[in-house]
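Down below is the structure, laid out as structure tokens.
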Amino acid sequence: ERISGVSPDAGGITAIVWEPAAIPEEPVSPDPVRNGLLALVLGLIVGLGLAFLWEYFDDRWHSPEEVQQVSGIPTFGFIPEFKGSEGSKKGKRGRLPGSDKLLGQGEDGDFAEHLVMLQNSTSVAAEAYRTLRTNLLYGFGDNPPKTIVLTSAGPREGKTITCANLGVVMAQAGKKTLIVDCDLRKPMMHKTFQLRNVWGLVDLLAGEYELQSVLQQATSNLFVLSAGPPLQNPAELLSSKSFATFLGRVRQEFDYVLMDSTPVQLVADPAILASQSDGVLLILDAQNSRKRAVRQSMRALEVVRAKAIGTV
């Protein structure tokens, strides 16, 4: 009727009821079952995608095995976190064995708890340092490295604390050990042992003092050569002939020489030291060190053909 009214020329139109309309028993939309299944499938797809992205961009360590896979060198030790390992200044005072000198309470705070080998020699951390010593002494057969550089990818990853405790545990094994603070920009080793830093490596290389005059004995069999006055550009001094001569001399006079260096990614000093040493120990913080930083550090050491012997 409506079409005929609009267009009289349309002719007769016939409409036939093919099937009576039926009221649906359930709504066409929404369909809870269908929507739930779609949400489940999409949720799984998005979740898996996010998981793969997280795994791809996650630069943290999840197992000790990953350290060896990323660095490409063996892991020489695992040091559990102990009180004082992060530079706590709220520690107890102690005494160096065989000395009447107080260790720890100085102008720069309390560093006594850094030396867990002296403050708590029966702890799990102390035993871990003994394991590290065993791996260094017997992991290379008849040709162990005598001059070892300890460095890290970034700052505050525990290299100075590791160097100090490793020196103590080496000396306790009867090895005449020398710790050289080669961080000439911000030296910390003398604070750890509460020693003087009026003169040190800088003065020795400048020819102002003899070696015996600047050495300081920390414990039995353990000697420390502090850095001396801080320098703005120590790379030239560390790459000089006088440093090479010094290194050759202490190699003859000591069983082991441990050199505490600056982080690899900050300055060129560790690469210079590494090229003149028998090996490099790369110290990593399991919580703060990142895989990318370790890869970059390893490449920096490879460029100077340094021998990276292991990680801690």
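Selection of the stretch 28-41 for residues being assigned to a loop (DSSP other than H, G, I, E, B) and open to solvent by less than 100 Å² (accessible area, probe 1.4 Å) yields Ser29, Pro30, Asp31. Here the stretch 140-157 is the region considered, the condition is being part of a loop (DSSP other than H, G, I, E, B) and within 13 Å of Gly279 (Cα to Cα), and the residue that is most open to solvent (accessible area, probe 1.4 Å) is Asn143.
Beta carbons closer than 9 Å, at least 6 apart along the sequence or on distinct chains, never pair a first residue in the stretch 103-125 that is within 14 Å of Met188 (Cβ to Cβ) and open to solvent by 40 Å² or more (accessible area, probe 1.4 Å) with a second that is outside any loop (DSSP other than H, G, I, E, B) and modelled with pLDDT under 90. Number of residues in the stretch 297-312 that are open to solvent by less than 80 Å² (accessible area, probe 1.4 Å) and closer than 15 Å to Ile73 by Cβ equals 10.
Run down Ile23, Ile13 and say which single residue is in a loop (DSSP other than H, G, I, E, B), open to solvent by 100 Å² or more (accessible area, probe 1.4 Å) and touching a helix residue (DSSP H, G or I) at 6+ places or on another chain (Cβ under 9 Å).
After ruling out the rest, the residue left standing is Ile13.
With respect to Asp203, is the statement that it is part of a loop (DSSP other than H, G, I, E, B), among the charged types (D, E, K, R) and modelled with pLDDT under 95 true? No; evaluated as a whole, the condition is false for this residue.
Of a type in the set (Gly, Ala, Ser) and surrounded by fewer than 16 Cβ atoms within 10 Å (Cβ to Cβ): which single residue out of Ser240, Ser261, Ser275, Ser289 fits that description?
The conditions single out Ser240.
Within the stretch 103-138, can you find the residues that are among the small types (Gly, Ala, Ser), outside any helix (DSSP H, G or I) and at pLDDT below 85? Passing the criteria: Gly104, Gly106, Gly109. Within the stretch 269-283, is there a residue that is assigned to a loop (DSSP other than H, G, I, E, B) and within 15 Å of Gly72 (Cβ to Cβ)? Checked against the condition, which is being assigned to a loop (DSSP other than H, G, I, E, B) and within 15 Å of Gly72 (Cβ to Cβ), the stretch 269-283 yields no hits at all.
The values are calculated or read from the model by the stated rules, or taken from the named source; none is laboratory data. Worth saying up front: this structure is predicted, and the values here are computed from it rather than measured. Here Cβ is always computed from backbone atoms with ideal geometry, including for glycine, and neighbour counts include all displayed protein chains. Ligands, DNA and RNA are stripped out before the accessible areas are found, and what is left, the full protein with its side chains, is counted by its heavy atoms. Shrake-Rupley method; radii C 1.70, N 1.55, O 1.52, S 1.80 Å.
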